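**Q** To start, I am sharing the structure in question, which I have written as structure tokens.
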Amino acid sequence: MRKPVVCVLSEIPKVADVIRQSCSTVVSKVTSVAPYNITEKDVKLLDEAEVIVSEPHFARHWLYGRPNLKLVHGTWAGIDSIMKLISAGGETPSFKYCKFGGVFGQPMAEYVVGQIVAHERNFRLAYKEQQSATWSSELRDFMFNESRPLNSLSIGILGFGEIAKKVAEACKAFGMKIWTLVTTVPSDENKCLYVDEYRPAEGIDELLSNCHYVCNILPSTQLTRGLLDNEKFKACSSKRSVFINVGRGDICTEDSILQALREKWIRAAILDVFSTEPLPVDSLLWKHPQVTVTPHVAAVTMPHQVAEVIAENLHNYANDRPLNYLIDWNKGY
């Protein structure tokens, strides 16, 4: 059994402490480096490490030049910032990288279903009327004339990984019809019970035109960046879909969303991720009446979950077992 030296470079509290407690039999030492104001002593700790635990946005500290590095375990699901550094001219890293996963499906599903219910019930108007102590007929009229039960609606999910499956399951529990965009349509025996319609990438227009809601859960790759630009939202016009983005902000530009709203191709946009984060204060999305903005919180990383997932993978690593959530550098996810 190998017993690696592990260095934790993270702003998530107590991760190093939990790894020390839960992995004492499979690691030789756990050190910790504060991610800001790296000292010469910290550099030596990073150089010593065979395994580094870190957020992706600190990649500049370990992506290249660490002589003993064999594995980096991320504390986030996304690796956009790492891939940007690589595509900017760096070489493909020689070490393995495991993203953080296994826990985001449930909170992401709660966010998506919660936002759909809030939109169909117009909770925004209800809150506004409560703040002004108004008992008006406007919300009642909305419920009679515009609100739709979820079991009469369809949702198109772009991407169908671990998180998307949880979203599909939750939406199906409310009776929604589930469409999904996949790289390869599975055989009948491998199809998911929660999915009614699969479409490959070339079938995206058919998906968009048949769904009341379109939810992006795709990672950021060369194939997905800008996927919904170039007036692609026009395909949503038959249903006037509501666009939900909990995947990555570069699936389309802000201008594409604003154009789709202006042209009435979509009826609303619910956005948790953006091409630039934090969303600039002068962005037109902030005050647009048909846009809901949340600050990348659809599914957040909880410290105890990070430690549990990483501890399991460290046991796998020490015992030469397959690693969970291992990314493919060539695919970018």
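The values are calculated or read from the model by the stated rules, or taken from the named source; none is laboratory data. These numbers were taken from a predicted model, which means no experiment stands behind them. FYI the Cβ positions are ideal-geometry reconstructions off the backbone, even for glycines, and counts take in every protein chain you see. Note: areas computed on protein heavy atoms with side chains; ligands, DNA, RNA excluded. Shrake-Rupley method; radii C 1.70, N 1.55, O 1.52, S 1.80 Å.
**Q** Quick check on my filter: what residues within the range 201-217 are in a loop (DSSP other than H, G, I, E, B) and farther than 20 Å from residue 285 by Cβ?
**A** If we filter the range 201-217 for residues that are in a loop (DSSP other than H, G, I, E, B), which is where we start, we get 211-212, 217.
Across the range 201-217, the qualifying residues are 211, 212.
**Q** Can you find even one residue in the range 42-51 that is touching a Cys at 6+ places or on another chain (Cβ under 6 Å) and either part of a loop (DSSP other than H, G, I, E, B) or within 30 Å of residue 147 (Cα to Cα) (or both)?
**A** Checking the range 42-51: at least one residue is touching a Cys at 6+ places or on another chain (Cβ under 6 Å) and either part of a loop (DSSP other than H, G, I, E, B) or within 30 Å of residue 147 (Cα to Cα) (or both).
**Q** Just to be sure before I move on: is residue 298 surrounded by 19 or more Cβ atoms within 10 Å (Cβ to Cβ), in contact (Cβ under 8 Å) with a residue 24 or more places away in the chain and within 16 Å of the chain's Cα centre (by Cα) in the structure I sent?
**A** Judged against the criteria, residue 298 is a match.
**Q** Could you grab me the full set of residues in the range 242-294 that are aromatic (Phe, Trp, Tyr), open to solvent by 20 Å² or more (accessible area, probe 1.4 Å) and within 26 Å of residue 147 (Cα to Cα)?
**A** 265, 286, listed by residue number.
**Q** Let me ask you something else. For the range 33-69, which residues satisfy the criterion of being small (Gly, Ala, Ser) and surrounded by fewer than 18 Cβ atoms within 10 Å (Cβ to Cβ)?
**A** Across the range 33-69, the qualifying residues are 34, 65.
**Q** Which numbered condition in (1) assigned to a loop (DSSP other than H, G, I, E, B); (2) acidic (Asp, Glu); (3) touching a residue at least 12 places away in the same chain (Cβ under 8 Å) is the only one that residue 312 fails?
**A** Going through the list (1) assigned to a loop (DSSP other than H, G, I, E, B); (2) acidic (Asp, Glu); (3) touching a residue at least 12 places away in the same chain (Cβ under 8 Å), residue 312 breaks only (1).
**Q** Would it be correct to say that residue 137 is open to solvent by 30 Å² or more (accessible area, probe 1.4 Å) and over 16 Å from the mean Cα position of the chain (by Cα)?
**A** Considered against the rule, which asks whether it is open to solvent by 30 Å² or more (accessible area, probe 1.4 Å) and over 16 Å from the mean Cα position of the chain (by Cα), residue 137 comes out as yes.
**Q** Still on this model: Which one of 94, 87 is within 28 Å of the chain's Cα centre (by Cα), closer than 19 Å to residue 323 by Cα, free of Cβ contacts under 8 Å to residues at least 40 places away in the same chain and open to solvent by 70 Å² or more (accessible area, probe 1.4 Å)?
**A** Only one candidate qualifies: 94.
**Q** Can you tell me which residue is most open to solvent (accessible area, probe 1.4 Å) among those in the range 2-20 that are on the phi < 0 side of the Ramachandran plot and part of a loop (DSSP other than H, G, I, E, B)?
**A** Within the range 2-20, the first condition is being on the phi < 0 side of the Ramachandran plot, and the residues that meet it are 2-13, 15-20.
If we keep only those that are part of a loop (DSSP other than H, G, I, E, B) too, we end up with 2-4, 10-13.
Details: 2: 93, 3: 109, 4: 1, 10: 18, 11: 91, 12: 29, 13: 81 Å².
Ranking the candidates gives 3 first.
**Q** Next question. Being closer than 24 Å to residue 153 by Cα, open to solvent by 50 Å² or more (accessible area, probe 1.4 Å), in contact with a Phe, Trp or Tyr (Cβ under 6 Å, 6 or more places away or on another chain) and not hydroxyl-bearing (Ser, Thr, Tyr) narrows it down to one residue among 191, 234; which is it?
**A** 234
**Q** Can I ask one more? Counting only residues that are in a helix (DSSP H, G or I) and in contact with a strand residue (DSSP E or B) (Cβ under 7 Å, 6 or more places away or on another chain), how many does the range 239-291 have? Outline the logic, then answer.
**A** The first filter runs over the range 239-291 and keeps only residues in a helix (DSSP H, G or I), leaving 249-251, 254-262.
Okay, now just the ones that are also in contact with a strand residue (DSSP E or B) (Cβ under 7 Å, 6 or more places away or on another chain), so 251, 257, 260-261.
Residues in the range 239-291 being in a helix (DSSP H, G or I) and in contact with a strand residue (DSSP E or B) (Cβ under 7 Å, 6 or more places away or on another chain): 4 in total.
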